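Presented below is the structure to which this report refers.
A short reminder: the numbers here are calculations on the coordinates, not readings from a lab. No experiment lies behind these values; they were computed from the predicted model shown. All Cβ positions, glycine included, derive from the backbone under ideal geometry; neighbour counts span all protein chains shown.
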């Protein structure tokens, strides 16, 4: 029997970072350092209503750079909404750089626009297989400055663009190192108007990013890769662990406060820092079962309208969808590394008593938090029933890139058990 050599190499990548109150006031200067003359600013209608994108666009113009604002990015992007944005960019181009102002939806839209303004093909050509063709970009992308206005997605740090593929009723993504923003400009002031419901859902995305990368399959448990086989998600590693651990510590002291008291500047700042740190962790280590489950949960929603989000169409926000199966998922992965699961629970809830069965420790910490911040009581509360489980499993199984990062392999039957156990959380 031929023994495959174990992996000994991990990779790490992150954008340049500018962080702090007032950081968004310097974007005109930042762009001037890239010698650009024409820029497309991408945002969504809700963020546009705050005035931040218009202020940033005018600031860019004041720096002597021609700037055009596209304010029709779709909250929870779809393949159709990305096509609309790409067509706008292709018709109005060429562009020397792109600026995304908004949450993960705007930043992911800008990533797709950048990709398809600099490379040939259509959106589904680049979506991960088996949903799309999984094509890699052939040409370099233009500089992309990401300016998050929500604390959660970490998209300003990552190589991933997430979207709903409408005719397949599933979420998927485009993943390649060239999608990573050139510069992340994180200004906590821009998150002050974020509604409590959005803060709760997007904050659970931060938390699951940190938890999933912290508990991911270790990089050195994989077979050795060749140089051309290396991918951004390489498994848990010492540098990713550092960022994820710090993100969890920040969340422990700021999350509930940011949801309950949105005007608390210190809590908002800590949440923004946690989102960035978690993005730097999972953007290299990867995420696993909760995110794999979240894609069909969000993609197959029928009639759920969350607080704080646009009411023009049903949705389960990404961070909420991730969180709904997280307690059961981490109960399942516990045996892969009990020490890490216990450590995560202690980071998130310092001083919390340990239950007799340590498998319940992290799930209990998570459900207590979710109850406190108003996350729905499981999949049943967003419209799913026992009859939907098989359909959701089918969607989860399409996320093989994510499932491969799980510390414990999950069979179809085990995934069904996780989803079934998540219909009601408490």
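Report the calculated FRET efficiency for residue 58 and residue 356 (r = Cβ-Cβ distance, R0 = 45 Å), to the nearest 0.05.
It comes to 0.15.
Arranged from highest to lowest average of other beta-carbon atoms within 10 Å per residue, in what order do the peptides 214-221, 78-85, 228-235, 347-354 appear?
The peptides rank, most packed first, as 214-221, 78-85, 228-235, 347-354.
Using the alpha-carbon atoms, what tilt in degrees (0 to 90, nearest 10) does helix 412-421 show relative to the longest principal axis of the chain?
The angle comes out at about 90 degrees.
With contacts defined as alpha carbon pairs under 8 Å and 6 or more residues apart, what's the relative contact order of the chain in percent?
RCO, the chain: 16 percent.
Taking the mean number of other Cβ atoms within 10 Å as a proxy for protection, how do you rank 378-385, 14-21 from highest to lowest?
378-385, 14-21
Could you let me know the centre-to-centre spacing of the stretch 101-168 and the stretch 4-33, using Cα atoms, in angstrom?
The stretch 101-168 and the stretch 4-33 have Cα centres spaced 17 Å from each other.
For helix 196-214, report the angle its Cα long axis makes with the longest principal axis of the Cα atoms of the chain; keep it between 0 and 90° and round to the nearest 10°.
70
What order, most packed first, do the peptides 135-148, 24-37, 152-165, 301-314 have when packing is the mean number of other Cβ atoms within 10 Å of each residue?
Per-residue Cβ counts within 10 Å, averaged per peptide and sorted highest first, yield 152-165, 135-148, 24-37, 301-314.
Can you tell me the Rg and the Dmax, both Å, for the Cα atoms in the chain?
Rg and Dmax of the chain, Cα atoms, are 20.2, 67 Å.
Which angle between 0 and 90 degrees, to the nearest 10, do you get for helix 104-118 versus the longest principal axis of the chain when only C-alpha atoms count?
That helix lies at roughly 60 degrees to the long axis.
To check you understand DSSP bridge types, tell me what percent of the beta bridges within the stretch 22-186 (both residues inside) are antiparallel, rounded to 5.
Close to 25 percent.
Helix-only estimate, please: 222 nm mean residue ellipticity of the chain, summing -39500 (n - 2.57) across DSSP H runs of length 4 or more and dividing by its residues, to the nearest 500.
It comes out at -13500 deg cm²/dmol, rounded to the nearest 500.
Checking a compactness column here: for the stretch 22-186, what do you get for Rg(Cα) / (2.2 N^0.38 Å), N being the number of residues?
Normalised Cα radius of gyration, the stretch 22-186: 0.95.
Mean 1/r over all different Cα pairs, inverted: what Kirkwood radius does the stretch 274-348 give, in Å?
Mean inverse Cα-Cα distance, inverted, gives 14.1 Å.
Please report how far the C-alpha centroid of the stretch 300-352 lies from that of the stretch 185-254, rounded to the nearest whole angstrom.
When both Cα centres are located, 13 Å separates them.
What's the exposure ranking of 280, 315, 242, going from fewest to most Cβ atoms within 10 Å?
242, 315, 280
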